[in-house]
Amino acid sequence: MGRDEIIASVQQHAAGADLSLIEGNKGLYDGLDLDGSNSNAALAELLHAPVVLVIDARGMTRGIAPLILGYQAFDRNIRIAGVILNNLGGARHEGKLRAVIEHYTDVSVLGAVHHDPRLQITERHLGLMPSNESTEALQHILQIGQVVGSQVDLDTLIRIANSATTEDPVAIMPEATTNIVLNKPPTLRIGVARDQAFGFYYEDDLQAMRAEGAEIVIVDTLSDAKLPGQLDGLFIGGGFPELFMDQLEQNSSLRQDIHDAIESGLPTYAECGGLMYLARSLSWQGKTRKMAGVIPGDVVMHGKPVGRGYVRVRSTGQCPWPGEESGKELLAHEFHYSSLENLESGLKYAFDVKRGHGIDGKRDGIVYKNLLACYTHFRSLHGYNWAKRFMEFVRQEKSARQQ
């Protein structure tokens with residue numbers, strides 16, 4: 001995302017909100033580049049947002065002071081407005097830490113959360129546990145809220161948020177962002193696989209599809225016997241299909257329906273988990289299950305990541321979507337523990353991988369009829385407004401079928 005695009009996105013979503021919360025990924029100063037230009041600190045500086053440090057203080061006492069002072073001194077443009085101490089050993093531990101911080105620093109302690117088994121979240125790849133996957137998620141969240149709320153000064157936290165200065169409106173909002181605002185009437189029925197197996201979607205991307213005329217029709221790959229009627233396109237996003245491989249295989253009627261629809265030319269976009277579902281088979285923990293069989297390859301799960309992190313791909317010009325620029329480099333990310341093996345030769349690929357892994361370390365984005373399937377996760381942004389282009393492709397194919 002460009003700087004103007006980030007500001008425009010925050011402004012748009014903050015307009016109707018009382019509080020805007022940016023959850024930092026990794027540490028405050030961690031990032032891809034040496035200069036920290038894509039770190040959480042750079043984002044905080046761009047948005048003039050105060051920073052609250054959450055510090056895992058297990059086993060720490062006096063050593064917490066130089067840690068906080070170092071974070072303050074490293075970049076004077078960052079306003080560290082408070083700290084929340086996490087994973088403490090008890091009241092005595094908390095008292096020592098508060099005394100040290102008060103004596104050596106000018107940072108306010110907003111709360112101290114003691115170690116509590118009730119705060120544990122089921123871990124999977126890097127701790128990801130999508131809320132759509134657990135029926136007990138809401139109850140767990142409420143319990144965590146009660147525990148944390150009793151140990152953190154939420155009123156002060158809100159006052160800190162309200163102290164943030166606001167950016168002036170961006171003079172020119174990027175194309176991808178304006179598309180979210182300027183909606184078109186729904187003229188295209190787009191099936192979106194969204195259930196326990198598939199739940200990784202960017203809400204802004206789905207909204208961008210709606211802005212381009214999409215009526216989102218939810219497809220449950222575990223229980224729907226057939227695709228919804230009169231679909232113009234299909235989007236199967238990421239998720240954890242390996243956890244539901246038995247149910248996915250057992251739902252043979254839907255697998256066959258999806259297979260036949262794609263073979264008949266239904267415009268389809270599949271990312272990561274969606275790619276896995278469209279392969280011939282999926283193998284994990286000694287079991288192999290049949291999948292949709294559109295992609296002539298077999299997916300194998302591994303204990304360690306195959307592709308994880310930022311990627312850079314270059315368009316080959318093979319993508320069927322309109323407006324494809326051959327040679328254009330695109331920025332995205334990937335996150336998969338699986339590999340696609342036993343692939344047939346002669347397949348068309350939409351992207352050459354310049355950084356990352358993709359399908360085989362060199363290529364990504366299998367193109368078959370009107371299907372694009374890749375491990376790479378794209379955002380529909382100014383640099384690559386895929387939602388608009390996919391909707392244009394769906395509309396183009398629909399018009400051709402009606403002639």
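Before moving on, here are some points about what is shown:
- Order of 210, 314 under a 10 Å beta carbon neighbour criterion, fewest first: 314, 210
- Each of 355, 255, 312 was scored by other Cβ atoms within 10 Å of its Cβ. Arranged with the fewest first, they read 355, 312, 255.
- Under 16 Å from residue 226, Cα to Cα: aspartates and glutamates that are on another chain or at least 8 residues apart: 195, 249, 257, 260, 263
- Derived scalar couplings ³J(HN,Hα) [the range 243-255; Karplus, 6.51 cos²θ - 1.76 cosθ + 1.60; whole Hz; x for Gly, Pro]: 6, 10, 5, 5, 5, 5, 5, 5, 7, 5, 5, 5, 4
- Residue order, fewest to most surrounding Cβ atoms within 10 angstrom, among 302, 377: 302, 377
- Taken along its three principal axes, the alpha carbon spread of the range 244-343 comes to 41, 36, 20 Å, from the longest extent down to the shortest.
- Nearest-ten-degree value, helix 386-402 long axis tilted from longest Cα axis of the chain: 20
- Compared with the dominant principal axis of the Cα atoms in the chain, helix 91-104 is inclined by about 80°.
- Rg and Dmax of the chain, both derived from C-alpha coordinates alone, stand at 23.6, 78 Å.
- Model label sites at residue 264 and residue 92, defined 7 Å from Cα along the beta-carbon direction, differ in position by 7.2 nm.
- Value of [θ]222 nm, deg cm²/dmol, for the chain, DSSP H segments ≥ 4, -39500 (n - 2.57) each, nearest 500: -9000 deg cm²/dmol
- Here's the picture: a label point sits 7 Å out from the Cα of residue 75 along the beta-carbon direction, and within the range 298-321 the residues with their amide nitrogen under 19 Å of it are 310.
- Simple spin-label estimate for residue 341 and residue 141 in nanometres, 7 Å along Cα-Cβ: 3.8
- Inter-label distance, nm, simple model (7 Å from Cα along the C-beta direction), residue 354/residue 314: 0.7
- Computed from the Cβ-Cβ distance with R0 of 22 Å, the FRET efficiency linking residue 252 to residue 230 stands at 0.45.
A short reminder: the numbers here are calculations on the coordinates, not readings from a lab. Owing to the predicted nature of the structure, the values given are computational and were not obtained by experimental measurement. FYI the Cβ positions are ideal-geometry reconstructions off the backbone, even for glycines, and counts take in every protein chain you see.
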